Amino acid sequence: MTLDESLKNTLKTIPENVTLVAVSKTRTSDEILEMYQAGQRDFGENKVQELMRKQEILPTDIRWHQIGHLQKNKVKQIIPFSYLIHSVDSEKLLQTIEKEAAKNNRNVSVLLQIKIAQEETKYGLSFEGALNILREKKSGKFSHITIEGLMGMASFTDDLKQIKEEFCSLYHFYTQHQKDFNLTILSMGMSDDYPIAIECGSTMVRIGTKLFGKRDYAV
Ligand SMILES: *Cc1c(COP(=O)(O)O)cnc(C)c1O
């Protein structure tokens, strides 16, 4: 199957009001270009080095999403062109983004990543921690940042009921606070679990494997 067909097939399974982010980590620039020529504009990467290398040579109207854990010392590099940072998982990171955004005289869009999975290894804020940040933002802090919404990753498990509970808990929190903080994006769902995420109210899915095929190595 060509990437063009793969994109069309995947888009058929996603409602129109849900944005598809094509997760292009480990993929070559040629593969990204092929997907771009098929009409895709939103691409997600999780390593700053790789993102820098690709954005330099690929079309400038690509919307680059930073989806993986972001180290504070890498923020500076991506601020000039980042479209949306999905993975703000600490207040310290947000402070660094604010500082660099101010230096670049730009407003940077971010999502707060919330830990909904039961696994120990997943990054993310607690609901309470996210709420604190949203309140600080509302009181005037972080003036070079727009908090567009929330992101979450479900546990890596075959237990569909658990996955659904995790996604739905995030949706519940999102709808509770959506109006108050003007949230418009709920990023949840990957190749294996995005239909459940959409069922639970996701507005943005991050899909790699289903679009591009299996990755050669784990990341
Ligand atoms: C790799 C990755 C994805 C995509 O995973 P697939 O299973 O290949 O669809 C989505 N979100 C994040 C944060 C990722 O790191």
Would you check if Glu34 is over 28 Å from Lys72 (Cβ atoms) and more than 16 Å from the ligand (Cβ to nearest atom)? yes
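Can you pull out the residues in segment 194-219 that are modelled with pLDDT under 95 and within 11 Å of the ligand (Cβ to nearest atom)?
Hits for segment 194-219 are Gly213, Lys214, Arg215, Ala218, Val219.
Here is a yes/no grid of residues against (1) under 19 Å from the mean Cα position of the chain (by Cα); (2) buried (at least 18 other Cβ atoms within 10 Å of the Cβ); (3) away from the ligand (no atom under 13 Å from the Cβ); (4) under 21 Å from Arg106 (Cα atoms):
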position: Val23; (1), (2), (3), (4): yes, yes, no, no
position: Ser29; (1), (2), (3), (4): no, no, yes, no
position: Ala38; (1), (2), (3), (4): no, no, yes, no
position: Gln49; (1), (2), (3), (4): yes, no, yes, no
position: Met52; (1), (2), (3), (4): yes, no, yes, yes
Under 8 Å between Cβ atoms, which residue pairs at least 6 apart in sequence (or on different chains) link something in segment 187-213 that is free of Cβ contacts under 8 Å to residues at least 60 places away in the same chain with a partner that is among the charged types (D, E, K, R) and buried (at least 22 other Cβ atoms within 10 Å of the Cβ)? Gly189/Arg206
Tell me, yes or no, whether segment 155-168 has at least one residue that is touching a residue at least 12 places away in the same chain (Cβ under 8 Å), within 16 Å of the ligand (Cβ to nearest atom), of a type in the set (Ser, Thr, Tyr) and closer than 20 Å to Thr10 by Cα. no
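Looking at Tyr123, is it surrounded by 21 or more Cβ atoms within 10 Å (Cβ to Cβ) and either away from the ligand (no atom under 16 Å from the Cβ) or of a type in the set (Phe, Trp, Tyr) (or both)? Step through it out loud before you land on a result.
Working: surrounded by 21 or more Cβ atoms within 10 Å (Cβ to Cβ): no; either away from the ligand (no atom under 16 Å from the Cβ) or of a type in the set (Phe, Trp, Tyr) (or both): yes.
The answer is no for Tyr123.
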The condition from (1) within 30 Å of Leu3 (Cα to Cα); (2) under 16 Å from the mean Cα position of the chain (by Cα) that Thr157 misses is numbered (2)
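The values are calculated or read from the model by the stated rules, or taken from the named source; none is laboratory data. Note that the structure is predicted; figures quoted are calculated from it, not measured. Cβ sites come from the backbone with ideal geometry, for glycine too, and all protein chains shown count toward neighbours.
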